[in-house]
Amino acid sequence: MGEDAVVLNVRVAAPAEDARTVAVPADPTAARRFAGELARDLAAGAHALDVGGVSGDRLAAFVEGLELGNYRFTRASERQPGPEAVDLCGVTGDAAVERGLRLAAATVWARDLANTRSNEKTPAWLARQAARTLTRFGVSVTERDAGWLGELGFGGVLAVGGGSSAEPRLIQAEWRPRQARRGLHAVLVGKGITFDSGGLNRKTGTSMNTMFTDMSGGAAVLGALHAIAASRLPVRVTALVPAAENMMSGSAYRPSDVVRHFGGRTSEIGNTDAEGRLVLADALAYASNRLRPSVVVDIATLTGAMKTALGVRVGGLFATSDELAGELLAAGAATGEPLWRLPLQEEYVRLLDSPVADATNSAGNPGAITAALFLRPFVKEVPWAHVDIAGPARAAEDDGMFSRGATGFGARLLAAWVESLG
């Protein structure tokens, strides 16, 4: 589990006379929520729970909820006492428990990455954390520095990261098992803005307070790869995290600049606070042109418009393939990380028009749709989906399996989707 998190040690145990009987809801989503609330009610120390023979997806969801509901990120010098272990009595077989623990561990790590404050969390730091954690599972992690990004023409990443003393990075993590299904290569791309001041079009102070979590999309794809590799899923998967810090300085990019992305497409900068789509564009073009993917999914805290449209519990989904959209909607429903599909409305493409570039990065309303339309050309003909998690990536308060702060939304969803491919 995460090093900075407070987590439970959940174990399968023999029946015990003093075990507390709990009625686990039949629906897995309800079971997660119930377990999350239960975990926060547990006193300090160890506990025994009799779950009455619950098994399968229902049991895995219950275990996830216990771990995630108990989650706390803290850097306090002294930690508050809390529950340390839960023995599950009346469980037949522990495969579901192990599965729940794997998925919870991936989400906890994603939460830890996103919750780490930006005085520590530079793009280079994020790359080191990915290598340190994922290589243990057989994942190959490559850290691409600013020099490499310049040589290959990652103009979006370099522009966004140009105002910071912490240089940008591209994190490339590859899971390539020997038994992988031939012809299938899923590429996951996650926005990795380690802090977003808004750049020269700066955010207000209040809006900036949570911007250490603006790399939650990057955390989600790394967390998903954690679960995929730990589960030894027979699917080739590459995760890309374009990581940069969007800051203000004499070297920051400006409104009216023209940026040339990997592959040659250009963007006119209308707003330096629409930076996420610029770094995603480079990574999507790189994936499409160099990695030979069979399918591409990106995930990002991209637009405030999506939070306004869908609130804080549902992510927005755009897709060029009905089949892919259906798979992701099903994975979201199964993991309690729901998505709602929105249209890639062709009549709004004209809003991206620029007199000097292929597109403007600030097309205006409908903001979530125009952001997705901005990204679409960088993927070419490969089936592609864009997931906007501006709402559910953060929780203002404890609620069910969510704990205040970064939620890790998307890690379990993407892992479940990849599992369905295999």
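The values are calculated or read from the model by the stated rules, or taken from the named source; none is laboratory data. All values derive from a computational prediction rather than experimental measurement. All Cβ positions, even for glycine, are placed from backbone atoms using ideal geometry, and neighbour counts span all protein chains on display. The area values use the complete protein model at the heavy-atom level, side chains included, leaving out ligands, DNA and RNA. Shrake-Rupley method; radii C 1.70, N 1.55, O 1.52, S 1.80 Å.
Brief remarks on what is shown
- Taken over the range 109-163, the criterion of being β-branched (Val, Ile, Thr), in a helix (DSSP H, G or I) and under 17 Å from Leu225 (Cβ atoms) is satisfied by Thr133, Thr135.
- Residue match in the range 305-321 (condition: over 18 Å from Ser420 (Cα atoms), free of Cβ contacts under 8 Å to residues at least 40 places away in the same chain and either open to solvent by less than 60 Å² (accessible area, probe 1.4 Å) or touching a Gly at 6+ places or on another chain (Cβ under 7 Å) (or both)): no
- Flag for Phe195 being under 17 Å from the mean Cα position of the chain (by Cα), of a type in the set (Phe, Trp, Tyr) and either more than 19 Å from Gln129 (Cβ to Cβ) or not in a helix (DSSP H, G or I) (or both): yes
- Meets criteria (touching a residue at least 40 places away in the same chain (Cβ under 8 Å), under 30 Å from Glu98 (Cβ atoms) and either touching a strand residue (DSSP E or B) at 6+ places or on another chain (Cβ under 8 Å) or polar (S, T, N, Q) (or both)) for Gly190: yes
- Selected residue (only one of Arg232, Arg236 is open to solvent by 40 Å² or more (accessible area, probe 1.4 Å), within 22 Å of Gly410 (Cα to Cα) and free of Cβ contacts under 8 Å to residues at least 60 places away in the same chain): Arg232
- Residue list for the range 119-164, filter: of a type in the set (S, T, N, Q), surrounded by fewer than 21 Cβ atoms within 10 Å (Cβ to Cβ) and within 27 Å of Ala395 (Cα to Cα): Asn119, Gln129
- Scanning the range 60-77 for residues that are surrounded by fewer than 15 Cβ atoms within 10 Å (Cβ to Cβ) and among the aliphatic types (A, V, I, L, M) returns a single hit, Ala76.
- Candidates Glu174, Glu120: the one that is at pLDDT 95 or above and in contact with a Ser or Thr (Cβ under 8 Å, 6 or more places away or on another chain) is Glu174.
- For the range 239-282, the set of residues classified as of a type in the set (D, E, K, R), closer than 17 Å to Ala166 by Cβ and open to solvent by 10 Å² or more (accessible area, probe 1.4 Å) consists of Glu245 only.
- Asp57 falls short on exactly one of the conditions (1) farther than 22 Å from Val279 by Cα; (2) open to solvent by less than 10 Å² (accessible area, probe 1.4 Å); (3) part of a helix (DSSP H, G or I), and that condition is (2).
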